[in-house]
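K.L.:
I have a structure I would like to understand better, so I am pasting it below and will then ask my questions one at a time.
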Amino acid sequence: MQSTDVNYKAINDVYKNAHIALLSISELLPSVTDADLKAELQAQYEGYEKIVGEISSYMAENGMQPQNIGTVQKVMMRGSIKMKTVIDDSRNNIAEMMIKGTVNGITELAAMQNERQNFQEKTADFIDRLLSLEEKYEQNLKKFL
């Protein structure tokens with residue numbers, strides 16, 4: 001499949017969206033001292049991990065290679081998380097950071113959902129499922145503010 005294919009780009013964007021969430025949670029978990037927030041983040045991690053695995057399998061079955069997040073983007077994300085948690089590792093701040101990232105993901109997925117007619121059915125399904133998951137996670141995180 002050509003990398004310029006709109007469906008290939010879309011499924012990669014969904015993959016990256018969930019993968020960034022996994023990386024963010026991995027970076028944040030060591031700073032979380034609140035047991036309830038830690039449990040919520042671990043549950044979210046499992047949800048993202050499941051969908052990343054499903055997308056990876058789908059891509060492999062269809063001869064597509066996931067495009068991973070760039071090293072520079074990873075380093076910048078990790079640095080930002082470390083800096084923000086060193087300054088304030090409160091439950092409120094960590095929940096706020098996760099909500100902001102989740103809302104960014106929701107926004108990206110909602111825009112993709114509006115273009116669903118351009119995507120294969122399975123890609124549109126992954127968009128819908130991840131969007132629903134992230135909307136649920138956003139609501140769950142609000143109780144930690």
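K.L.:
For G63, only one of the following conditions fails: (1) touching a residue at least 60 places away in the same chain (Cβ under 8 Å); (2) open to solvent by 40 Å² or more (accessible area, probe 1.4 Å); (3) closer than 22 Å to L131 by Cα. What is its number?
P.N.:
Condition not satisfied by G63: (3).
K.L.:
Scan the stretch 66-81 and give yes if some residue there is touching a Phe, Trp or Tyr at 6+ places or on another chain (Cβ under 8 Å), surrounded by fewer than 19 Cβ atoms within 10 Å (Cβ to Cβ) and assigned to a helix (DSSP H, G or I), otherwise no.
P.N.:
No, the stretch 66-81 contains no residue that is touching a Phe, Trp or Tyr at 6+ places or on another chain (Cβ under 8 Å), surrounded by fewer than 19 Cβ atoms within 10 Å (Cβ to Cβ) and assigned to a helix (DSSP H, G or I).
K.L.:
Return the residues of the stretch 1-28 that are over 15 Å from the mean Cα position of the chain (by Cα) and either in a helix (DSSP H, G or I) or surrounded by 20 or more Cβ atoms within 10 Å (Cβ to Cβ) (or both); say none if nothing qualifies.
P.N.:
Hits for the stretch 1-28 are V6, N7, Y8, K9.
K.L.:
Here is a list: I99, I81, I87, I69. Which entry is among the β-branched types (V, I, T) and modelled with pLDDT of 95 or more?
P.N.:
Just one listed residue meets the conditions, I99.
K.L.:
If a residue has to be open to solvent by less than 60 Å² (accessible area, probe 1.4 Å) and either of a type in the set (D, E) or under 11 Å from the mean Cα position of the chain (by Cα) (or both) to count, how many in the stretch 100-112 make the cut?
P.N.:
Matching residues across the stretch 100-112 total 6.
K.L.:
If you scan the stretch 113-128, which residues turn out to be under 25 Å from L41 (Cα atoms) and surrounded by 17 or more Cβ atoms within 10 Å (Cβ to Cβ)?
P.N.:
F126, I127
K.L.:
Within the stretch 47-60, is even one residue under 29 Å from F144 (Cα atoms), of a type in the set (F, W, Y), part of a helix (DSSP H, G or I) and touching a residue at least 60 places away in the same chain (Cβ under 8 Å)?
P.N.:
Yes, the conditions are met somewhere in the stretch 47-60.
K.L.:
Please find, within the stretch 136-145, the residue that is nearest to the chain's Cα centre (by Cα) out of those that are part of a helix (DSSP H, G or I) and surrounded by fewer than 16 Cβ atoms within 10 Å (Cβ to Cβ).
P.N.:
K136
K.L.:
Another question about this same structure. Yes or no: the stretch 29-42 includes at least one residue that is of a type in the set (V, I, T), out of contact with any strand residue (DSSP E or B) (no Cβ under 9 Å at 6 or more places or on another chain), over 16 Å from L145 (Cβ atoms) and open to solvent by less than 40 Å² (accessible area, probe 1.4 Å).
P.N.:
No, the stretch 29-42 contains no residue that is of a type in the set (V, I, T), out of contact with any strand residue (DSSP E or B) (no Cβ under 9 Å at 6 or more places or on another chain), over 16 Å from L145 (Cβ atoms) and open to solvent by less than 40 Å² (accessible area, probe 1.4 Å).
The values are calculated or read from the model by the stated rules, or taken from the named source; none is laboratory data. Please read these numbers as outputs of a predicted model, since none were measured by experiment. Cβ sites come from the backbone with ideal geometry, for glycine too, and all protein chains shown count toward neighbours. Protein only, heavy atoms only, side chains kept; ligands, DNA and RNA dropped before computing areas. Shrake-Rupley method; radii C 1.70, N 1.55, O 1.52, S 1.80 Å.
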